[in-house]
Amino acid sequence: MALQDYAPGAAAVPVDGIGKVTVMKQRVDFGARPLAAADTAKLIEIKAGWDVKKVWTKIITPEGEADTFDLGDSADADNWDNDVPANAAAGTVASSTEGTDTYATNGGKYYAADDYILLTPSAQLSALVMDVAIEVVIPF
């Protein structure tokens, strides 16, 4: 399994974002750069000291097949969201949910070391376009 980097670059927060709740978002286009079923995609870089509270996805262009994907990190592949439908209608929003997804149930996850929000597909993704957003508290 290869780790494919879809993250836009080094994560940075303006100095006025420290000590506040921040939402970070990026668009991922698997139509422009397909992801093989055996691979994992880095979506958003997480820096040490960040407390991520929630992860959302919004479908822009559906995959066209009844595929799903999981959202997690290096510790667990699906602790942010499990079995998200890649073929949901455009505009469909999914998010980590308390009682269903471990990190949401625990109130989020504090990252002591750098990491990424990772996507693991159930099958190749070759048409899906989606937005990924995270709610993060940067306490220091």
Exercise. Can you run phi through the Karplus equation (6.51, -1.76, 1.60; θ = phi - 60°) for the range 59-73 and list ³J(HN,Hα) in whole Hz, with x for Gly and Pro?
Worked result: 6, 9, 10, x, 5, x, 10, 7, 8, 10, 8, 10, 10, x, 8
Exercise. Under a plain spin-label model, where a point goes 7 Å from the Cα along Cα-to-Cβ, how far apart in nm are Ala2 and Glu65?
Worked result: 1.7
For this session: May I ask you to derive the relative contact order of the range 1-126, considering only C-alpha pairs under 8 Å and at least 6 residues apart, and to give it as an integer percent?
Result: 35
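Applying a 10 Å radius around every beta-carbon, put 30-41, 78-89 in order of their mean neighbour count, most first.
78-89, 30-41
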For this session: Please work out which option in (i) 0.95; (ii) 1.03; (iii) 1.15 gives Rg/Rh (Cα atoms, Kirkwood Rh) calculated from these coordinates, and answer with its label.
Result: (i)
Problem set entry | Set of the range 95-133 residues, backbone N closer than 19 Å to the point 7 Å along the Cα-Cβ line of Asp39 | 116-132
Exercise. Taking a ≥ b ≥ c as the square roots of the eigenvalues of the Cα gyration tensor of the range 35-92, is the shape rounded (a/c under 1.5), prolate (a/b larger than b/c) or oblate?
Worked result: prolate
Exercise. R0 = 22 Å: FRET efficiency of Thr102 with Asp29, Cβ-based, nearest 0.05?
Worked result: 0.20
Problem set entry | Phi to ³J(HN,Hα) by Karplus 6.51 cos²θ - 1.76 cosθ + 1.60 over the range 107-119, Hz, x for Gly, Pro | x, x, 9, 8, 9, 7, 9, 4, 7, 9, 7, 10, 10
For this session: Apply the Karplus parameterisation 6.51 cos²θ - 1.76 cosθ + 1.60, with θ equal to phi minus 60°, to every residue of the range 31-48 and state each ³J(HN,Hα) to the nearest whole Hz, in sequence, with x for glycine and proline.
Result: x, 7, 8, x, 10, 5, 4, 7, 9, 10, 9, 7, 9, 9, 6, 10, 9, 4
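None of the figures in this text is laboratory data; all of them are computed from the coordinates on show. Remember, predicted model here, so these are calculated numbers, not experimental data. Backbone-built Cβ (ideal geometry, glycine too); neighbour counts: all protein chains shown.
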